[in-house]
Amino acid sequence: MAGKVFFSVTMSLDGFIAPEPVAVDDFFAADKQDDPDVQRWMAQWTELQQWAFPLRFIRENLKLGEGGEEGRDNDIARETFERTGASVMGKRMFDLGEPAWPEEAPFHTPVFVVTHEKRDPWERPGGTTFHFANDGIETALDQAREAAGDRDVRIAGGGATILEYMNAGLIDEFSIALSPVLFGSGTRLFDGVDASRVALEPVRAEPTQRVTHLTYTVRER
C-alpha cells in the first residue's frame with residue numbers, strides 16, 4: 001500500500017517558515033558573508049530552528065557529535081525521518097543546500113528535485129541520491145512514490161513547492177512545529193493557498209517546552 005504525501009516544517013508564530021529571501025549566490029560568496037541581509041537571514045533562520053539543534057537525533061543525523069536532548073521533540077524528529085521513504089524539493093532549496101550539506105547529506109533516501117534543468121543523478125554517501133525531475137510536480141511525485149515503496153513521501157520545501165503541491169490536491173497530511181518567534185516578514189507558508197479547494201482536519205496538538213507540534217489531514221473542500 002502506498003504511503004502518504006506529507007510535509008513537516010517549523011513556522012514562526014506570525015506564519016513564516018523562512019526569513020525574507022536573499023539571493024542564493026550571496027550566501028556563499030566570500031565577499032557577502034558580512035552583508036547585513038545575509039547575516040539577518042542566518043540569524044532569523046537559526047532562531048526559528050533552535051528547538052531542533054540540541055536534539056540527540058538531529059545531532060546524530062547531521063554528524064554534530066554524540067549526546068543531545070531526548071524527549072518528545074526528539075521522538076518527533078526521529079519519527080519524521082523514519083516514516084520518509086523519499087523526498088521532493090524545489091530547485092531553490094536544492095541550490096541553497098548543495099554547497100552547504102555535508103558530504104553525507106542528511107536525507108539518506110532518494111530526493112527528487114523539481115527543476116527545468118537536465119542533470120544526471122547526484123549520488124552522495126549514506127544513501128542519498130538527488131534525482132532531477134524536469135516534467136513537473138506530478139511526475140516528480142510519481143517517481144518519489146515509486147522510490148518510497150510503502151513508506152511516506154515528504155515534500156521537503158521550500159514554501160513555493162509546498163504550496164504547489166497543496167493547491168494541486170496532492171498533500172495528505174502536514175505537521176507544523178510552531179516556534180515562539182516573530183519575523184514580521186519572510187516566506188509565508190500559506191500565502192497563495194487555494195482556500196476554496198483545501199480543507200483541514202486537526203489530528204493532534206502536542207506542546208513541548210520549546211514548540212507546539214500541530215498535525216492536520218488535508219481534504220478537498
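The values are calculated or read from the model by the stated rules, or taken from the named source; none is laboratory data. What you see is a predicted model; the values in this text were computed from it and never measured. When we count neighbours, we look across all protein chains shown, and the Cβ atoms used for this are built from the backbone with ideal geometry, even at glycine. Surface accessibility is based on the protein's heavy atoms, side chains included, excluding ligands, DNA and RNA. Shrake-Rupley method; radii C 1.70, N 1.55, O 1.52, S 1.80 Å.
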query = So which trypsin sites (Lys or Arg not before Pro) in the range 119-186 are both in a DSSP loop and have at most 12 other Cβ atoms within 10 Å of their Cβ?
reply = Arg119
Simple label model, 7 Å out from Cα along Cβ direction - Ala168 to Arg72, nm = 3.4
ask   = What whole-number value in Å² describes the accessible area per residue of the range 82-160 for a 1.4 Å probe?
value = 48
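With a cut-off of 8 Å between alpha carbons and a minimum separation of six or more residues, what is the relative contact order of the chain in percent?
Averaging sequence separation for qualifying contacts and normalising by length gives 29 percent for the chain.
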query = In the chain, if every C-alpha pair distance is counted and binned at 10 Å from zero, what percent goes to each bin?
reply = 8, 31, 41, 19, 2, 0
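Using the Cα gyration tensor of the range 155-221, with a ≥ b ≥ c the square roots of its eigenvalues, what is the shape: rounded (a/c below 1.5), prolate (a/b larger than b/c) or oblate (neither)?
The shape class here is oblate.
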task = Could you let me know the centre-to-centre spacing of the range 63-136 and the range 154-221, using Cα atoms, in angstrom?
result = 19
request  = Calculate what fraction, in whole %, of the accessible area of the chain sits on carbon and sulfur atoms when a 1.4 Å probe is rolled over the protein chains.
outcome  = 49
key: Percentage relative contact order, the range 41-122, counting C-alpha pairs under 8 Å, at least six apart   = 24
inquiry  = Counting only helical runs of four or more DSSP H residues, what would the 222 nm mean residue ellipticity of the chain come to if each run contributes -39,500 (n - 2.57) and the total is spread over all its residues?
reply    = -8500 deg cm²/dmol
request  = Using +1 at the Cβ of each Lys and Arg and -1 at the Cβ of each Asp and Glu in the chain, identify which of Ser12, Thr215, Trp45 lies farthest towards the dipole's positive end.
outcome  = Thr215
key: Amide H within-cut-off set for Gly136, under 5 Å, with H built and near neighbours excluded   = Thr115
request  = Could you go through the range 39-45 in sequence order and give the Karplus-derived ³J(HN,Hα) for each residue, using 6.51 cos²θ - 1.76 cosθ + 1.60 with θ = phi - 60°, rounded to whole Hz, and x for Gly and Pro?
outcome  = 5, 4, 4, 5, 5, 5, 5
inquiry  = Straight-line reach from Lys91: which aspartates and glutamates fall under 12 Å, measuring Cα to Cα and dropping same-chain residues less than 8 apart?
reply    = Glu117
remark   = In nanometres, the difference between 0.36 nm per residue of separation and the alpha-carbon distance of Glu117 and Glu146 is 8.3 nm
note = Note on the chain, DSSP bridge orientation, antiparallel percent to nearest 5 equals 45
remark   = Cα-based Rg and Dmax for the range 1-127, in Å, come out at 16.0, 51
ask   = Under a plain spin-label model, where a point goes 7 Å from the Cα along Cα-to-Cβ, how far apart in nm are Arg221 and Asp35?
value = 3.8
For Ala18, distant residues with modelled amide H under 5 Å away = Thr187
note = Yeah, the range 80-190 with a ≥ b ≥ c from its alpha-carbon gyration tensor (a/c under 1.5 is rounded, else prolate when a/b outruns b/c, oblate otherwise) is rounded
task = List every residue whose amide H lies under 5 Å from the amide H of Thr10, counting only residues 5 or more places away in sequence or on a different chain, with H placed 1.01 Å from N in the peptide plane.
result = Ala177
task = Compute the distribution of all C-alpha to C-alpha distances in the range 57-108, in bins of 10 Å from 0, and list the percent of pairs in each, rounded to whole numbers.
result = 21, 47, 30, 2
query = Thr212 accessible area, nearest 10 Å², 1.4 Å probe?
reply = 40
request  = Please get the size of the charge dipole for the range 70-203, origin at its Cα centre, with Cβ charges of +1 on Lys and Arg and -1 on Asp and Glu, quoted in debye to the nearest 20.
outcome  = 280
inquiry  = Please compute the modelled spin-label separation between Asn134 and Val203, points set 7 Å along Cα→Cβ, answer in nm with one decimal.
reply    = 3.5
query = Which is the longest part of the chain that has none of the GluC sites (Glu not before Pro) sitting in a DSSP loop with at most 13 other Cβ atoms within 10 Å?
reply = 118-221
